[in-house]
Structures are given as structure tokens and as C-alpha cells.
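As C-alpha cells, the structure follows; a few thoughts come after it.
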Amino acid sequence: MSNQAATPQTAVACRSAQAQSTLPKQVLASEGARTLLRALRAEHGEILIHQSGGCCDGSSPMCYPRSDFIVGDEDVCLGDIDGVPFYISRSQFDYWKHTQLKLDVVPGRGGMFSLENGSGERFHIRSRLFTDVEAAALQAAGRLG
């Protein structure tokens, strides 16, 4: 299995994953999350979000510098939030593929390795099930795996 460093080209590929405006977006963000992402980009440069399914921070959305995170062959790009690519592991995607994820922020301490740690806020995922019509459109477009 080969891994690739997350580069701006990866972000372009990620954006094209949800480029069809007729498809429901698989990932959205609250204004609070967008504000925190802008602050983190200003401080750290290009970043990405990875919806963790790991051991250290449970299944928290984690924010990393793009140059420090290796996107795996099994990671699925759900789209991007204002130019910040959003990935999820294949195993997590298999559980969540019928839901629209919404990146939000809540008061608290971020994940141990996530860039928002120490900001007083942490990323949080909210979700809703896609309607049958939305799920069928995503399935027809090959976006549900």
C-alpha cells in the first residue's frame, strides 16, 4: 500500500469529489467551524481535516498541517470546506456513508494531536441521514462506495 503526502493537488482532487452541484454535499461546516479553520490556516498554513476512527481521540475530527499528514490509499475524500480537504478512513466511511457530516465546534479541548488543541474550542461532528433521494443520487454518482 502506498501513501501520499497531502498536497494542494490532493485538495483539488478533494474539491472535485463534490464538484457536482446537483449532488448533496457529504460534508458541511458551521460558521464557527469555518472561523476556527480560517484562524488555524492563518497560523499553520495549509491544513486538512481527517475524521478519525483511531484509538487516541476516539472518532474526533482532527486538524493537521497538510505537510504533516499522510493520506492513505484507504482514506475517502468527502469534499472540502473553504479549501480545507476533509477525509475519513474507509472503515469510518463504511459506517457513515449514508449520513451528511457537519463539522462544528464546541467549547473544550481539542484532540491531543489536532491543531485546535489549546484554543478553548474543539471540532465536533454532527450528522443527519441522507434522504432516500439524496442517497440514490450519491449512489448513482459512485459516491457511496
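Coordinate-derived values only; no laboratory data. Computed from a predicted structure; not experimentally measured. Positions of Cβ are generated from backbone atoms using ideal geometry, with glycine treated the same way; all protein chains shown enter the neighbour counts.
List of remarks:
- Taking a ≥ b ≥ c as the square roots of the eigenvalues of the alpha-carbon gyration tensor, the stretch 77-145 is classed prolate because a/c is 1.5 or more and a/b outweighs b/c.
- Modelled spin-label separation between residue 34 and residue 109, with each label point placed 7 Å from Cα along the Cα-to-Cβ direction: 3.1 nm.
- Residue 22 paired with residue 131, simple spin-label distance in nm, labels 7 Å along Cα-to-beta-carbon: 1.6 nm
- Dividing the mean sequence gap of close Cα pairs (under 8 Å, 6+ apart) by how many residues the stretch 91-145 holds gives a relative contact order of 35 percent.
- Put simply, when 75-84, 28-37, 132-141 are sorted by average Cβ atoms within 10 angstrom per residue, most first, you get 75-84, 28-37, 132-141.
- Take each peptide in 59-65, 100-106, count the other Cβ atoms within 10 Å of every residue, and average; sorted highest first, the result is 59-65, 100-106.
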